[in-house]
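Where a number appears in this text, it was derived from the coordinates with a stated rule and is not lab data. Computed from a predicted model, the values in this text were never measured in an experiment. All Cβ positions, glycine included, derive from the backbone under ideal geometry; neighbour counts span all protein chains shown.
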Amino acid sequence: MNKKELELSIILPCRNEEEALPSCLKEIKEVIHKNKLNAEIIVSDSSIDKSPEIAKKEEVILIKHDKEGYGNAYLEAFKHAKGKYIFIADCDGTYDFKEIPNFLMSLKEGHDLIIGNRFKGKMEPGSMPFSNKYLGNPLLSFILRLFFFTKIRDSQSGMRAISKQALEKLNLRTTGMEFASEMIIKALKSNLKIKEIPINYHNRKGKSKLRAFPDAWKHMRFMLLYSPLFLFFIPGLFLLILGLVSIFWFYFGNPQIFGIKLYFHPMFLSALFIIIGYQLIIFSAFAKSYSITHLNEESQLMNQLYQYITIEKASVVGIILAILGATIYLFILVKWLKTSFGNLNEIKNSIFALTLIIIGIQTIFSSFMLSILGIKEK
């Protein structure tokens with residue numbers, strides 16, 4: 001096999017890992033030699049310590065980019081990787097590089113992305129902080145399973161392997177720790193074959209660069225942005241239904257709770273629920289449209305909606321709702337004039353009219369925004 005047919009690229013993101021890097025490179029070279037792998041080792045470096053000198057001394061490929069961020073390290077290295085398959089892992093001493101052949105074998109069996117599951121292997125005492133082991137990682141992995149209907153148990157694992165062909169489909173962009181979540185989410189949305197395999201996890205060498213809450217929030221934020229169903233649609237639908245049910249209840253009845261007559265005052269809250277809920281549902285449509293036109297996702301439902309819900313149709317509906325609200329206000333005005341600007345008891349109708357007008361205007365302008373987002377990039 002010649003260099004043009006290089007089988008494996010082993011990529012190590014490196015930021016100030018002079019303590020662990022020598023032993024990691026030694027172990028990788030032993031694995032390559034023992035298993036007769038046609039592989040290259042790439043150190044993607046942004047260090048200010050002696051890590052670059054160590055990489056040069058070990059005669060591996062050094063990519064010196066000096067960009068901070070976990071994602072940046074990989075994005076820079078991917079540009080230079082020549083292997084048919086790509087293996088990635090931190091070079092801090094936590095991962096066992098003897099697992100490389102197992103990852104490679106799973107890729108050759110037809111899987112596209114292999115993730116090492118630290119919770120299924122042997123974990124050295126103290127290798128993972130208590131908060132990460134029992135709260136952070138399990139919670140983030142649970143949310144990933146809930147949002148994206150997957151069975152992955154260790155979504156934050158840094159030891160992975162992916163085929164070059166699969167990687168090119170993902171169009172990865174994030175530069176920080178959320179890169180780990182982005183890879184999985186886009187692999188799921190691209191219908192790649194994903195497999196988890198047990199790996200051992202050791203105590204790291206050197207100082208950890210993880211920031212528990214900020215890094216966890218980056219993962220959480222990214223998952224929410226890629227799941228408009230949970231971020232916008234479900235909360236929006238709940239608020240909309242709650243608002244509609246309660247506003248009609250207060251409009252047509254005189255409800256009492258615990259013997260207290262509520263009159264019309266809660267209708268203001270009902271109107272607020274309707275407006276916010278409706279806007280959140282619209283936001284979910286915006287987010288889904290963006291993911292289709294700019295992130296290469298597919299959605300048969302949205303394609304059908306684009307065919308049936310046009311700017312013209314949505315604008316007509318919005319105009320009708322706004323006119324209905326304005327008409328109610330007109331009747332209130334006429335009634336007020338007949339009383340020579342006297343006292344009126346039209347608060348219920350006023351709240352209802354205001355809600356209709358706002359929903360109508362939201363519908364009109366949101367239809368234009370949705371159409372803008374629906375323009376596909378070439």
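Multiply the residue separation of L224 and Q307 by 0.36 nm, subtract the distance between their alpha-carbon atoms, and state the gained length in nm to one decimal. Don't skip to the end; give the middle numbers.
Details: separation 83, 0.36 × 83 = 29.88 nm, distance 2.73 nm.
In short, 27.1 nm is gained.
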Item checked: Separation in nanometres of the label points that stand 7 Å from Cα toward Cβ, at K338 and L135 -> 6.4
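Treating the beta-carbon of each Lys and Arg as +1 and of each Asp and Glu as -1, no other charges, what is the dipole magnitude of region 64-157 about its Cα centre, to the nearest 20 debye?
Numbers: 14 positive and 11 negative charges, 58 e Å.
Dipole about the Cα centre, nearest 20: 280 debye.
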Margin query: Can you tell me the length gained on complete extension of the stretch K261 to K164, counting 0.36 nm per residue apart and subtracting the Cα distance?
Written below: 28.2 nm
Margin query: How tilted is helix 137-148 with respect to the longest principal axis of the chain? Cα atoms for both, answer in degrees (0 to 90, nearest 10).
Written below: 60
Note to self: Suppose the chain between K193 and K209 were pulled fully straight at 0.36 nm per residue; how much longer would it get relative to their current alpha carbon spacing?
What the structure shows: 2.7 nm
Notebook entry, point to check: So what J values fall out for region 324-339 if you push phi through Karplus, 6.51 cos²θ - 1.76 cosθ + 1.60 with θ = phi - 60°, rounded to Hz, Gly and Pro as x?
Noted result: 4, x, 5, 5, 4, 5, 5, 5, 5, 4, 4, 5, 5, 4, 5, 8
Margin query: Over all directions, the average projected area of the alpha-carbon convex hull for region 235-378 comes to how many nm²?
Written below: 10.7
Next item on the list: Describe numerically, in nm with one decimal, the distance between label points set 7 Å from Cα along Cα→Cβ at K56 and at R173.
Entry: 3.6
Margin query: Under 10 Å, Cα contacts only: if you run a Gaussian network model on the chain, which one of L170, L188, L305 comes out with the highest mean-square fluctuation?
Written below: L305
Next item on the list: Measure nothing fancy, just the Cα-based angle from helix 21-34's long axis to the longest principal axis of the chain, in degrees from 0 to 90, nearest 10.
Entry: 70
Check: Hey, in the GNM for the chain with a 10 angstrom Cα cutoff, which one of W217, W336, W249 fluctuates hardest?
Finding: W336
Margin query: Compute the angle between helix 266-294 and the longest alpha-carbon principal axis of the chain, please, reported from 0 to 90 degrees and rounded to the nearest 10.
Written below: 40
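Can you give the FRET efficiency to the nearest 0.05 for M105 and S350, using r as the Cβ-Cβ distance and R₀ = 51 Å? Intermediate results must be reported in sequence, preceding the final value.
Numbers: r = 70 Å, r/R0 = 1.38.
It comes out at approximately 0.15.
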Margin query: Which residues among region 208-248 fall inside the zone where the amide N is under 17 Å from a point 7 Å beyond the Cα of L269, along Cα→Cβ?
Written below: 238-248
Checklist line | Farthest toward positive dipole pole in region 3-225 [+1 Lys/Arg, -1 Asp/Glu at C-beta], among S23, A216, N203 | finding: A216
Item checked: Candidates F264, F286, F103, ranked by Gaussian network fluctuation over the chain, Cα under 10 Å, top entry -> F264
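If R₀ is 22 angstrom, what is the calculated FRET efficiency for the pair H202 and K120, using the beta carbon separation as r and rounding to 0.05? Kindly include the intermediate steps, with their values, before the conclusion.
Details: r = 15 Å, r/R0 = 0.69.
Efficiency for this residue pair is about 0.90.
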Notebook entry, point to check: Based on the Cβ-Cβ distance from I48 to I276, what FRET efficiency comes out when R0 is 51 Å, to the nearest 0.05?
Noted result: 0.60
